[in-house]
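Novice: Below you will find the structure I want to go over with you.
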Amino acid sequence: MKIYLLEPGQIYRVEGPARIDVMEGSVYAVGAIYSGGSHFTVLRARKLAFKAIERAKVSVTLGPNAVLELAKPGEEVLDEWEGAISKLALSGTSIVIGSIDVGKSTMTAVLANKALLNGLRVAVIDADVGQNDIGPPTTISISRVTRPITSLRQVQAEKSVFMQSTSLERIWPRAVEAVKRLIAYARRTWSVDAIIVNTDGWINGREAIEYKRSLLTELRPNNIVAIKIENELDEIIKGYSNVTIVRPPPAARLRTKEDRKIHREMSYARFIFPLRELSIDLDKLPLCGLGLFRGVDLGSELRAMASRIVNSHITYANQAGSTLYIITDQWISRRIGAFKVVGLPEGFERGLLIGIEDSEGFLLGLGVLKKIYYDRKKAVIYTSSKTERAMSRASCIRLGLIRLNENFEEIERVSQLLKYLYPSDELGDTMRGAGSA
Ligand SMILES: Nc1ncnc2c1ncn2[C@@H]1O[C@H](COP(=O)(O)OP(=O)(O)O)[C@@H](O)[C@H]1O
Ligand SMILES: [Mg+2]
């Protein structure tokens, strides 16, 4: 612990874990003001800048590997950010967009704190499926903010929607729907006035632009806050006048793809803990949006016939509507006469990330599929004990597009499943667009 005397306007940068106790005067950090007797914390491996608004005396406690440094003039964007957003009316919806590691999560916290300071009831939505700060990876999550925060990681998801993957490529229409649904929920259930939406850093390419523009047209946010390095957001914000543009903090930490992957893997483990092994009856708790194991099972004779037609061994088959689902030795997606045949290779389910959903389509918890006993329609899954306790409210199990190993390491994106979960006629333009890109 060390005492510092700060002159008005002086800016320090701190990398956590750290705790700053304001003893006298007042200090600005991440959109909130801390005066004598209050304190804020900086999480491990996170950085933030704080500034003395008036002469201040602070006591700084640094944890392992924490760093405190005085910022050089012009090195921090805190005043620029504050200037740009100070006049925004934050009731309604605000959305933060930008590439990766530009400070989107930090800006989301700044806006949430500002809205709080203005006396509004505030919720934040984290729509960053790769690096979600408030909920598990592969989700879009919402939480209320009731006191000032220095990082989005200080609030926990109160509702989440499972997005099945760490990237929204080819599945983003569901993300737009999920954000809308969470906003409606927050308005209805919590009567929040201000909703701040954080987004993922996927901004390059035609599909990413289409996704972000679709978010803007569907949410019609009151404020768009764009954190911009060069002209990378121009296509997305074209035509909008309610855009506030700021630049990223120059000293922001850049993380590698590998860093991000490790962070996610630790998150899966954290959210699927303590681990429980459950046996699920898929007759009672079906797969969401997939006819596999529904309808009627094919007897051995029909199975043999189907086997000759597709020219592969069939372990299990069921007919749901005009689709024939088979567990076989390869991925098959074929039309045979009036039937659509969907084939999944035996063992396709091993290690798939799953989301257990309630009747409103909200996530009760993540899990991992260990094995399905096809003829008995029994699935063995791993999930957390918290999710186990919520199982009575479960309505279906949604398959993810990510395969994990026992250590929760991502080993594969199972893109073949996309075809079955999102038949091309349902995905419409998206699939066609992605296919031709
Ligand atoms: N003023 C700052 N100076 C230096 N680093 C910062 C500052 N503000 C935030 N950071 C760090 O920069 C990194 C990226 O910020 P973050 O808000 O997580 O960006 P994004 O959500 O766009 O990935 C984080 O590690 C964060 O702690
Ligand atoms: Mg972020």
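Novice: Using only Cα atoms, locate the centre of the stretch 34-77 and the centre of the stretch 290-307, then give the distance between them in Å, rounded to an integer.
Specialist: A separation of 64 Å, based on Cα centres.
Novice: Let me ask something else. Which of the aspartates and glutamates could be linked to residue 238 by a straight reach, that is with a Cα gap under 15 Å, when you skip same-chain ones fewer than 8 residues away?
Specialist: In chain and number order, the partners are 210, 230.
Novice: Give the aspartates and glutamates reachable from residue 212 as a straight Cα distance under 17 Å; neighbours fewer than 8 places away on the same chain don't count.
Specialist: Result set, ordered by chain and number: 126, 128, 169, 177, 200, 232, 234, 235, 429.
Novice: Could you tell me whether the stretch 2-70 comes out rounded, prolate or oblate from its Cα gyration tensor? Rule is a ≥ b ≥ c as square roots of the eigenvalues, rounded for a/c under 1.5, then prolate if a/b exceeds b/c, otherwise oblate.
Specialist: Verdict is prolate for the stretch 2-70.
Novice: Right, another one. So in the chain, what percent of DSSP beta bridges are antiparallel if you round to the nearest 5?
Specialist: DSSP beta bridges in the chain are roughly 75 percent antiparallel.
Novice: Based on the Cβ-Cβ distance from residue 235 to residue 84, what FRET efficiency comes out when R0 is 25 Å, to the nearest 0.05?
Specialist: Working from the Cβ atoms, E equals 0.75.
Novice: Moving on. Heads up, I need the accessible area for residue 386: 1.4 angstrom probe, whole protein in place, Å², nearest 10.
Specialist: 150
Novice: What does the extension gain come out to for residue 304 and residue 55, with contour length at 0.36 nm per residue minus their alpha carbon separation?
Specialist: 81.3 nm
Novice: So, in Å, what gap is there between the alpha-carbon centers of the stretch 337-369 and the stretch 140-218?
Specialist: What the calculation gives is 23 Å, centre to centre.
Novice: Among 401, 282, 254, whose mean-square fluctuation peaks in a Gaussian network model of the chain (Cα, cutoff 10 Å)?
Specialist: 254
Novice: Provide the solvent-accessible area of residue 81, counting protein heavy atoms only and rolling a 1.4 Å probe, rounded to the nearest 10 Å².
Specialist: Here the accessible area works out near 20 Å².
Novice: Now a separate question. Given the options 353, 70, 278, which has the most mean-square fluctuation in a GNM of the chain, springs set between C-alpha atoms less than 10 angstrom apart?
Specialist: So, out of 353, 70, 278, the one fluctuating most is 70.
Novice: When only the heavy atoms of the protein chains count and the probe is 1.4 Å, how do 273, 362 rank by accessible area, highest first?
Specialist: Sorted descending by solvent-accessible area, the residues read 273, 362.
Novice: Mind listing the phi-derived Karplus ³J(HN,Hα) values for the stretch 108-124, rounded to whole Hz, using 6.51, -1.76 and 1.60 with θ = phi - 60°, and x for any glycine or proline?
Specialist: In residue order, the calculated couplings are 4, 5, 4, 5, 5, 4, 4, 4, 4, 4, 7, x, 8, 8, 10, 10, 10 Hz.
Novice: Let me ask something else about it. Carbon-plus-sulfur fraction of the accessible area of the chain, 1.4 Å probe, in percent?
Specialist: Carbon and sulfur together cover 49 percent of it.
Novice: Report D for the stretch 193-332 in µm² per second (integer): Stokes-Einstein, Kirkwood Rh on Cα pairs, 10 °C, 1.306 mPa s. Walk me through the intermediate numbers first.
Specialist: On the way: Rh = 20.8 Å.
Diffusion coefficient, whole number: 76 µm²/s.
Novice: Next question, about the same structure. Kirkwood-based Rg over Rh for the stretch 13-129 (C-alpha set), two decimals?
Specialist: On the way: Rg = 14.6 Å, Rh = 15.2 Å.
Rg/Rh: 0.96.
Novice: For a quick check, take a GNM of the chain with Cα springs below 10 Å and name the residue from 205, 361, 103 with the largest mean-square fluctuation.
Specialist: 205
Novice: Then there is this: Residues with amide H under 5 Å of residue 400's amide H, sequence separation 5 or more or different chain, H placed in the peptide plane at 1.01 Å from N; which?
Specialist: HN-HN under 5 Å from residue 400: 353, 354, 355.
Novice: Among all the aspartates and glutamates, which ones have a C-alpha under 18 Å from residue 340's C-alpha, if same-chain residues fewer than 8 places away are not counted?
Specialist: Straight-distance partners of residue 340: 297, 329, 425, 426.
Novice: Normalising by the residue count of the chain, find the relative contact order in percent from Cα pairs under 8 Å and 6+ residues apart.
Specialist: Averaging sequence separation for qualifying contacts and normalising by length gives 13 percent for the chain.
Novice: Going through the cross-link list 284/377; 51/72; 159/180; 51/114; 370/419, which pairs have a Cα-Cα distance over 20 Å in this structure?
Specialist: 370/419
Novice: A follow-up question, please. Suppose only helical runs count, i.e. DSSP H with n ≥ 4. What mean residue ellipticity at 222 nm does that imply for the chain under -39500 (n - 2.57) per run, divided by all residues and rounded to the nearest 500 deg cm²/dmol?
Specialist: For the chain, the value works out to -7000 deg cm²/dmol.
Novice: Taking a ≥ b ≥ c as the square roots of the eigenvalues of the Cα gyration tensor of the stretch 78-255, is the shape rounded (a/c under 1.5), prolate (a/b larger than b/c) or oblate?
Specialist: Rounded, because the longest to shortest axis ratio a/c is under 1.5.
Novice: Could you check how many percent of all C-alpha pairs in the chain are farther apart than 35 Å? Numbers along the way, then the final one.
Specialist: Values: 34545 of 95266 pairs.
Percentage above 35 Å: 36.
Novice: Further question on the same structure: Give the accessible surface of the chain per residue, rounded to a whole number of Å², with probe radius 1.4 Å and ligands, DNA and RNA excluded.
Specialist: That works out to 45 Å² for each residue.
The values are calculated or read from the model by the stated rules, or taken from the named source; none is laboratory data. Every value quoted in this text rests on a predicted model; they were computed, and no experiment measured them. Cβ sites come from the backbone with ideal geometry, for glycine too, and all protein chains shown count toward neighbours. Calculation scope for accessible area: heavy atoms of the full protein, side chains included, ligands and nucleic acids excluded. Shrake-Rupley method; radii C 1.70, N 1.55, O 1.52, S 1.80 Å.
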